[in-house]
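Contents: one structure, followed by commentary.
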Amino acid sequence: MQSMTTEETPITAQPGEPKAFARTKRVKVVLVLLGVFLFAMATGLGLHSLRNWNSPPGLPSSANSRAAPLPCHSSACLDAATRLSVAVDPFSQPCDYFLFTCGSSGATRGRQRGKGTGHLSTSGEGERTTRREDRRRKTENDTLADRLPDRQTLLLQSIKNILETAVGLRPPDHLEEKARQFYRSCMDKDSIESRGSEPFLKLIQQLGGWSALGWWNRTDFNSTLALLMGQYGTFPFFSVYVGRDPNQPHNTSYIQIDQPHFQIPTEWDTQSQTSKANTVSLRPFLFSSLQYLTLLGVPSMTRLMHNGLYIALSSELAKESSPLHHRLQTNRLYQKVTIRALQTLAPVIDWLGCLEATFHPLPISKSDYVLLHNLPYIIHMSDTISKWLLRKEMMGRVPIQTYMILSLLQTLLPALDSRFRQTQRNLSVALGNMEEEEPRWKHCIRRTERGFDQLLSHMVRDRAAHEEADELVRNLYSSVQSKLADLTWQDEDSRNSVLKRVKSLTPRFMAHIDKETLAQLYSEVVISEDSYFSNYLQSLLLERKRRNQLFSHQHLQSDVLSVTPLLSGRNIIFPTGMFLPPLFHPSYPRALNYGGLGFMMAKDLLHLLLPDIHTQSGSPESVGGCVWSQYISVTEGPGRMGAFSLSPSQKLEVWVQYTALQGALQAYQNSLQQHQSDTSLLDFVHTHLFLISFTQISCDPYPYSQLMTFEPSFLVSVICANSDVCPSRMTCRKKTLLEPGSC
């Protein structure tokens, strides 16, 4: 046996001691030392394994905690746990789960519409696909039923919860209570039904009556028009709004005047360059207007006459309207004229009086400029009204007044009983609109937002603005920048140009209005919980105030129903409504926030920053093709991998969503590097919980999934095949789901 190292004391036999005994003693000492060494090695390996076991995959051990993540017990987490408890764990059913489509969402519809890009484009393939889908249908339906709705619906549900939750004992004139009262009055269908058409008929009396009902004080045409425009947001003969002039460098706001949205269905005649009533749609339109007259109590003996005159005037006014593409070709947009010049061009309208009423209390003068978007129509409209006003009594002012009354009815129709709304719905269906009518609660939230947008934005912000949201935005934007830097660019100039632009942008949350300004804005608003019609009229005045704010450079965007980021100058604006449960909560495990909302935000950022990335980089095409080939290898077998191809837009979307998932995961890992801890949910931790969160929202159809040829949750299997971040290999009994690749 070799001697010990120089640092160890040699063992030698003592004088008089037998040699055999000495050898035995040396062997025992060596064995003891060897046992101690092996025990120490085993203990060290055990501790190292335990630390890695409690660590999120893909992170260096120095960043991980030795203790297992604590479970989250907040009320928001308990709700999330209830939702996830019935969800499918992608690592427990890897054989079938990632082959599903998104049911009736845009992804499936997009694939069925596409020709030559999906499975249904080859002979016999449809039959095999049908058999395969039949085998999966029950499991798929159960799985998709557990998915979260699209982002817009989730936001509306969150706002619904805010409006329906009472906050202590607050006086009726409290700002937030005004929005809640408006919403409740909209939801009170019994009260609305019981009033019928009475509120609208009372309003007609206040406007001076109506000849169709037998009484009319013959109010001046322009005074009635100014009242409709100023008090009731109704623009019968032309539309008025505020906007910028794209031809000017100084983003000055101007009054914009355009052709109105005609109720009568028209079609464009390319030969005569005029619009005419659509003969196929004219009959249901005539029936609907006749039905409105009936509901308003117009006597049968005069009903047909008023309806006929209304149709005739509508048809004549619409002749000079034209579609946008024609106005673009003929340079009819953004024609700048003064109000004084407009008065000369279209003299029948008292332009200064009508615009003063529309923008009260803002000062308007004849020297102010307005932008016209169809001057030939404006001139034709003025001439037409002049001719009708000069005709005999039967054909004179009566049709003009009826036209204005029925235009007002269209504005106020949502506040009337179901008979009016059903008449409108019947016409919409007859004209080919087969979309389902949205639930009443959604309609009432959208109506509340139109009048109380800034107040509602403030209410949402109070519940959504958190430091955790700010951290999510920062980490995600940094991760997206690093992904863009890794792309293969066509040349160095393209790379530098894009990266410089992305670096110059600043992510921000949507600006909000302080409470003082809110109080001033809504101080004069009086809401009655038992009269939706009067509340509706109040909301029209609030819309006028909002329109007036557009003239101010300090106007703050408050689109509370927005669910995607937008570019504004050098800022990327993130709406606060994005950061609400169930997509986001500050008490959630960060894996839940990053895996769901983080993925969707990364996807939106890539679309926002690089709308034409395919012209500057080859990465989208190569990565999209690689992921598609992996999908084909699983669904059809290796022999079919070259049988199908994706369009450029589909390859781009596959790249966007795969890169977004990678970027969101990288952002989450960076977050763990910074904080070195995260909570758990249902014993799911870190990357495992991150990927489960992603699969719950990957069917969100808003707004790009129609380009995906497979359900995005399949990307989990690609992530697991191309990296070591997953908690386990995704294997089936027969074969590995995907062989390791390099997409």
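The values are calculated or read from the model by the stated rules, or taken from the named source; none is laboratory data. What you see is a predicted model, and the numbers here were worked out from it, not measured in a lab. Quick reminder, even Gly has a Cβ in these numbers, built from the backbone with ideal geometry, and neighbours come from all protein chains shown.
One line per residue, one yes/no per condition, for (1) out of contact with any His (no Cβ under 6 Å at 6 or more places or on another chain); (2) farther than 30 Å from GLN248 by Cβ; (3) part of a loop (DSSP other than H, G, I, E, B):
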site	(1), (2), (3)
LEU304	yes, yes, no
LEU317	yes, yes, no
HIS326	yes, no, no
LEU333	no, no, yes
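Evaluate the following for SER197: is it under 24 Å from THR234 (Cα atoms) and touching a residue at least 40 places away in the same chain (Cβ under 8 Å)? Explain how you work it out, then say what you get.
Numbers: under 24 Å from THR234 (Cα atoms): yes; touching a residue at least 40 places away in the same chain (Cβ under 8 Å): yes.
Yes; evaluated as a whole, the condition is true for this residue.
I'm trying to understand the selection: among the residues of the stretch 611-620, which are at pLDDT 85 or above, of a type outside the set (Gly, Ala, Ser) and over 11 Å from GLU653 (Cα atoms)?
Keep residues of the stretch 611-620 that are at pLDDT 85 or above, which gives 617, 619-620.
Of the ones still in play, those that are also of a type outside the set (Gly, Ala, Ser) are 620.
Of everything in the stretch 611-620, nothing turns out to be at pLDDT 85 or above, of a type outside the set (Gly, Ala, Ser) and over 11 Å from GLU653 (Cα atoms).
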message = Based on this model, can you work out whether VAL370 counts as modelled with pLDDT of 95 or more and either hydroxyl-bearing (Ser, Thr, Tyr) or crowded, with 19+ Cβ neighbours inside 10 Å (or both)?
response = yes
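Answer with yes or no whether ILE257 is assigned to a strand (DSSP E or B), buried (at least 19 other Cβ atoms within 10 Å of the Cβ) and in contact with a Ser or Thr (Cβ under 9 Å, 6 or more places away or on another chain).
Values: assigned to a strand (DSSP E or B): yes; buried (at least 19 other Cβ atoms within 10 Å of the Cβ): yes; in contact with a Ser or Thr (Cβ under 9 Å, 6 or more places away or on another chain): yes.
Yes; evaluated as a whole, the condition is true for this residue.
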remark   = Among LEU476, LEU487, the single one that is out of contact with any His (no Cβ under 9 Å at 6 or more places or on another chain), more than 30 Å from HIS174 (Cβ to Cβ) and not in a helix (DSSP H, G or I) is LEU487
inquiry  = PRO582 - would you say it is within 30 Å of ILE159 (Cβ to Cβ) and either out of contact with any Asp or Glu (no Cβ under 8 Å at 6 or more places or on another chain) or not polar (S, T, N, Q) (or both)?
reply    = yes
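Results for (1) farther than 25 Å from ILE378 by Cβ; (2) hydroxyl-bearing (Ser, Thr, Tyr), shown as yes or no for each residue.
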{"position": "TYR254", "(1), (2)": "no, yes"}
{"position": "TRP268", "(1), (2)": "no, no"}
{"position": "GLN273", "(1), (2)": "no, no"}
{"position": "LEU286", "(1), (2)": "yes, no"}
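Which of the residues spanning the stretch 528-544 are part of a helix (DSSP H, G or I) and either acidic (Asp, Glu) or modelled with pLDDT under 90 (or both)?
The answer is GLU543, and nothing else.
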request  = Inspect the stretch 317-330 for any residue being free of Cβ contacts under 8 Å to residues at least 24 places away in the same chain and in contact with a Leu (Cβ under 9 Å, 6 or more places away or on another chain) and give the result as yes or no.
outcome  = yes
request  = Please find, within the stretch 590-638, the residue that is nearest to LEU476 (Cα to Cα) out of those that are over 28 Å from the mean Cα position of the chain (by Cα) and not in a helix (DSSP H, G or I).
outcome  = GLY618
remark   = Restricting the stretch 157-180 to residues that are among the polar types (S, T, N, Q) and either at pLDDT 90 or above or surrounded by 12 or more Cβ atoms within 10 Å (Cβ to Cβ) (or both), the one farthest from TYR522 (Cα to Cα) turns out to be GLN157
key: Residue, modelled with the highest pLDDT, within the stretch 429-448, restricted to residues that are in contact with a Lys or Arg (Cβ under 8 Å, 6 or more places away or on another chain) and surrounded by fewer than 16 Cβ atoms within 10 Å (Cβ to Cβ)   = ARG440
key: Of all residues in the stretch 502-524 being at pLDDT below 90 and in a helix (DSSP H, G or I), the one that is surrounded by the fewest Cβ atoms within 10 Å (Cβ to Cβ)   = GLU516
message = Quick check on LEU455: is it assigned to a loop (DSSP other than H, G, I, E, B) and outside the structural domain of MET600 (by TED's automatic domain parsing)?
response = no
query = ASP530 is checked against (1) touching a residue at least 60 places away in the same chain (Cβ under 8 Å); (2) of a type in the set (D, E, K, R); (3) more than 20 Å from ARG180 (Cβ to Cβ) and fails just one. What number does that condition carry?
reply = (3)
message = ARG397 - would you say it is of a type in the set (Lys, Arg), assigned by TED's automatic domain parsing to the domain that holds TYR292, surrounded by 15 or more Cβ atoms within 10 Å (Cβ to Cβ) and closer than 28 Å to PHE221 by Cα?
response = yes
